[in-house]
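The values are calculated or read from the model by the stated rules, or taken from the named source; none is laboratory data. Small disclaimer: the values here were computed from a predicted structure and weren't measured. Here the Cβ is made from the backbone with ideal geometry for all residues, glycine too, and neighbour counts use every protein chain on show.
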């Protein structure tokens with residue numbers, strides 16, 4: 001935390017008070033944090049959550065907001081197979097932002113940080129019209145381990161997704177309908193990054209990414225980066241009963257903000273991968289396979305064309321919480 | 001750059017097109033950038049510039065905004081004596097933000113990045129009500145070198161500042177008066193981070209920080225962190241003729257956003273430090289010394305009390321560009 005401005009002192013102290021002291025050569029309070037050299041390669045991601053785009057203060061508690069801001073970054077680390085190490089937190093706060101709410105954000109973020117052993121090493125406060133939280137997070141790969149990128153998929157690789165799909169989207173609908181509690185709402189507010197599965201996946205998978213914009217769109221990205229096509233078994237998609245009833249498989253394909261992982265595993269490694277996931281209690285489902293192409297083309301498992309939804313795109317007004325709190 | 005959403009693709013491509021390709025194992029385009037392990041300790045900083053707080057679109061060109069967003073982060077690296085290595089860029093853009101302006105921001109940022117050899121390795125776009133740019137930048141210390149923190153100052157250490165003080169504040173006044181060009185306005189819009197001086201200072205100084213909130217306030221931070229007091233020679237402050245005429249030494253003490261360095265150098269090293277700065281053509285001026293205390297107390301060189309301005313504090317409405325474009 002850059003402790004530069006008198007008015008920031010107490011805000012910073014308040015925020016930091018909710019985190020354990022980072023065990024680094026220089027922590028928050030100087031112009032930079034200073035970290036010992038990393039042993040393995042470093043994975044770096046930066047992701048922001050913005051009021052009325054990724055959350056609303058009416059529907060999210062401060063703790064939810066703090067959790068989600070860190071979770072979306074951890075999910076990026078998970079998708080590379082990295083071990084979370086450190087993060088910095090830049091907060092833009094409206095001038096009248098309540099101290100109690102700031103404390104809540106810190107608490108929600110800190111609780112998730114503890115779970116994954118990631119240290120807050122610095123940050124920044126600025127004033128702004130709307131609340132936004134921009135985090136930069138770093139993870140480390142075990143020395144000698146290759147990162148799990150989007151680009152390593154090969155034709156024939158089997159596709160897996162973790163958990164269930166579409167729940168966060170359904171949760172958003174529930175909120176819009178005036179509901180305040182449901183398992184789906186919890187998935188929307190408190191995504192759980194799949195750190196352990198990512199680390200496990202790094203030993204088996206050829207490619208991976210986290211599903212933040214819906215499987216259809218994110219699989220398209222994996223295919224494009226890997227130069228392959230894909231076949232999806234719609235009937236195999238892991239859906240909770242409520243998502244199956246409310247959205248169906250096609251709706252779940254466009255379900256953004258699930259933060260589950262999509263992994264491509266070469267056929268020779270699928271049985272050991274599945275056994276390892278079973279032992280680790282990581283829920284995965286086989287949903288299709290990569291094909292020769294055409295590149296980026298996603299077909300049904302019986303070769304039929306799929307009418308794929310566009311996925312989430314908040315620049316196009318598609319699917320996220322918008323200014324009015326309605327789905328765009 | 002997380003290339004997740006269709007609407008972001010072209011914006012990201014546009015932005016990245018202005019930067020040289022980062023020479024890292026995995027660059028922009030995947031969930032994380034992947035960087036080789038660092039050899040020396042890493043210095044990490046995060047800092048944001050927000051529309052109508054740190055700049056206005058009426059007074060700053062997009063190139064100015066891009067420059068300033070990176071410069072304020074590089075200045076933090078400079079103050080630690082670090083060599084700039086990589087940064088990530090999170091942009092929050094109003095929905096109607098012109099592509100031409102985005103390109104201008106990238107150009108201004110890229111030009112400064114090239115000067116200091118720092119690579120853009122990733123980033124993020126979100127929509128927002130107001131334009132803001134949050135950067136996280138990393139520098140590396142030469143292996144075995146200690147970072148230059150705020151906490152190493154000892155009584156008797158001689159205080160130096162680089163360049164001249166108060167110009168950025170005067171530049172803001174000029175803008176407010178309707179002027180569009182002056183040397184001071186250039187200092188406000190295009191601060192030049194003192195990277196080379198920071199690296200040189202790391203060999204001699206006991207403590208340092210960058211002057212972002214005015215010498216009075218920033219010296220106070222150095223004193224507090226080092227557990228010392230200080231004496232300032234007001235008549236020695238390096239002021240440009242226009243700052244001397246318009247603000248005087250007291251006004252310059254509160255001149256935020258200069259991004260000059262304040263260094264404390266033990267008395268036994270001052271002559272070699274001064275000679276090294278002369279050879280390197282780094283302009284420094286001796287402005288006082290650290291004292292036993294009381295801790296944080298800053299007095300005049302003849303022991304007189306100084307009426308010190310509070311410095312910049314945008315949470316208290318003090319001194320930065322505010323919502324109405326007037327100084328608070």
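Within region A:85-105, track down each residue that is within 18 Å of the chain's Cα centre (by Cα) and away from every other protein chain (no Cβ under 12 Å).
A:105 - this is the single residue of region A:85-105 that is within 18 Å of the chain's Cα centre (by Cα) and away from every other protein chain (no Cβ under 12 Å).
With B:190, B:179, B:169 as the choices, which residue is without any contact (Cβ under 8 Å) to a residue 12 or more places away in the chain, in the same structural domain as residue B:244 (by TED's automatic domain parsing) and out of contact with any strand residue (DSSP E or B) (no Cβ under 7 Å at 6 or more places or on another chain)?
Values: B:190 fails: without any contact (Cβ under 8 Å) to a residue 12 or more places away in the chain; B:169 fails: without any contact (Cβ under 8 Å) to a residue 12 or more places away in the chain.
Sole residue among the options that is without any contact (Cβ under 8 Å) to a residue 12 or more places away in the chain, in the same structural domain as residue B:244 (by TED's automatic domain parsing) and out of contact with any strand residue (DSSP E or B) (no Cβ under 7 Å at 6 or more places or on another chain): B:179.
Show me the helices (runs of 4 or more DSSP H) found entirely inside region A:154-273 where at least 1 residues are at positive phi. Break it down into steps so the answer makes sense when it comes.
Values: elements: A:167-176, A:183-189, A:195-201, A:215-226, A:241-246, A:248-253.
Ranges flagged: A:248-253.
Checking the condition in contact (Cβ under 8 Å) with a residue 40 or more places away in the chain and within 26 Å of residue A:141 (Cβ to Cβ), which residue from A:50, A:115, A:88 passes?
A:88
Hey, among B:61, B:10, B:45, which residue is surrounded by fewer than 24 Cβ atoms within 10 Å (Cβ to Cβ) and at pLDDT 90 or above? Working first, answer last.
Values: B:10 fails: at pLDDT 90 or above; B:45 fails: surrounded by fewer than 24 Cβ atoms within 10 Å (Cβ to Cβ).
Going through B:61, B:10, B:45 in turn, the sole match is B:61.
Mind telling me which of the residues A:162, A:226, A:127 ends up being touching a residue at least 12 places away in the same chain (Cβ under 8 Å), buried (at least 19 other Cβ atoms within 10 Å of the Cβ) and within 10 Å of chain B (Cβ to nearest Cβ)?
The conditions single out A:127.
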